[in-house]
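Below is one structure, written out as structure tokens; comments come after it.
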Amino acid sequence: MASWAGAELPALNPLRTLWLTLAAAFLLTLLLQLLPSGLLPTCALFQDLIRYGKTKSGGPPRPAACRVFDVPKRYFSHFYIISVLWNGFLLWYLTQSLFLGAPFPNWLHSLLRILGAAQFRGGELALSAFLVLVFLWLHSFRRLFECFYVSVFSNAMIHVMQYCFGLVYYVLVGLTVLSQVPMDGKNVYIIGKNLLMQARWFHILGMLMFIWSSAHQYKCHVILSNLRKNKAGVVIHCNHRIPFGDWFEYVSSPNYLAELMIYISMAVTFGFHNITWWLVVTYVFFNQALSAFLSHKFYKSKFVSYPRHRKAFLPFLF
């Protein structure tokens, strides 16, 4: 049986190139923000594209032309609607293939080949990709639930380019997971022909890490929403206040830290060795670090009494 070129070599394929490019772009952007204020890029569009929500108000003055491209931050829910539908769709096809032996449809198989998926990925386990896709779907479903029933959105805005990127992101990340499934033609290749026999210790560890990280992220979002409610749970304002409790005692944006931990839990589920997914984790790290750093600056500028021991993103480090 023919195998696709570059099966498990560290060579760059389209997906790896994409995630590496995104990671490098956000690393460069983060480094630029660490420069002294006098050396920061003053381009209004650049600053508008890297800030959203409260950090837009904490940044340089925004020209009226930039405001034309604003959309409400509450549109974040659209990202998770797309993710629940699209990644649920991919999960359905993968489940059909794993348990019923149904081949992937031609269009999906061709798309995965274009993106650089490879056949017979050595010891790659189909169970790993299946669990990660389940985790991704559950994560998106929880975030969608939080958008509707937990979060209290103000009139904060995001740029329309950020909105479009968010919509595309969850489509790409689902395809990235599916591209890691070992294939035999259009069918999933299951080592040993029994999916449950592929269970390994890192699957259990990854699952525990995913649950632990998700629980902390949910708790942090509840803490943030409660800052805008009274004791009866009624929203009374949309102002920003200093959050306390859980991981807020260590960093300004523990929800971003938890997001990183969720993606790391997926890397663990892949067995620690999946290069493509570690590039996704690298992108998430720099993306969330940038958002956390800008949020940290906002809190410090707004509140004189903001806890000095708190870091932006990584406890005791950054």
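The values are calculated or read from the model by the stated rules, or taken from the named source; none is laboratory data. Keep in mind that this is a model prediction, so the values were computed, not measured. All Cβ positions, glycine included, derive from the backbone under ideal geometry; neighbour counts span all protein chains shown. In case anyone asks, the SASA skips ligands and DNA or RNA and just uses the protein heavy atoms, side chains included. Shrake-Rupley method; radii C 1.70, N 1.55, O 1.52, S 1.80 Å.
Of note:
- Computed from Cα positions, the angle between helix 76-100 and the longest principal axis of the chain comes to roughly 10 degrees.
- Restraint check, LYS54/LYS300; LYS54/LYS297; LYS219/LYS297, Cα-Cα greater than 18 Å: LYS219/LYS297
- Region 162-316: C-alpha pair distances exceeding 19 Å, %: 64 percent
- Amide H contacts of MET157 (H built 1.01 Å from N, under 5 Å, at least 5 apart or other chain): GLY53, LYS73
- The portion of the accessible surface of region 141-271 made up by carbon and sulfur, rounded to a whole percent, is 68 (1.4 Å probe; DNA, RNA and ligands excluded).
- Extension gain (nm, one decimal) between CYS43 and ASN187, 0.36 nm per residue minus Cα-Cα: 46.9 nm
- With one equal scatterer per alpha carbon and no solvent term, the Debye-computed log10 I(q)/I(0) for region 233-314 at 0.12 1/Å reads -0.44.
- On full extension, the segment bounded by VAL71 and ALA25 gains 14.2 nm, given 0.36 nm per residue less the C-alpha separation.
- 3J(HN,Hα) from dihedral phi, region 124-139, Karplus parametrisation 6.51/-1.76/1.60, rounded to Hz, x for glycine, proline: 4, 9, 4, 4, 4, 5, 4, 5, 5, 5, 5, 4, 4, 5, 5, 4
- Against the chain, whose longest principal axis is taken from its Cα atoms, helix 106-115 shows a tilt of about 60°.
- Charge sum, other residues only, whose C-beta stays under 15 Å from PHE145's C-beta, Lys/Arg counted +1 and Asp/Glu -1: +3
- Dividing the helix sum by the residues of the chain, where each DSSP H run of 4 or more adds -39500 (n - 2.57), gives a mean residue ellipticity at 222 nm of -19000 deg cm²/dmol.
- Cut-off 14 Å between beta-carbons: net charge of the residues surrounding CYS66, Lys and Arg +1, Asp and Glu -1: +2
- Each peptide among 166-178, 146-158, 285-297, 306-318 gets the average number of other Cβ atoms lying within 10 Å of its residues, and from highest to lowest they stand as 285-297, 166-178, 146-158, 306-318.
- Formal net charge of residues neighbouring THR282 (Cβ-Cβ distance under 14 Å; K, R +1; D, E -1): 0
- Whole-angstrom gap from region 91-156 to region 227-292, using each part's C-alpha centre: 21 Å
- Cα radius of gyration and Dmax for the chain (Å): 20.9, 67
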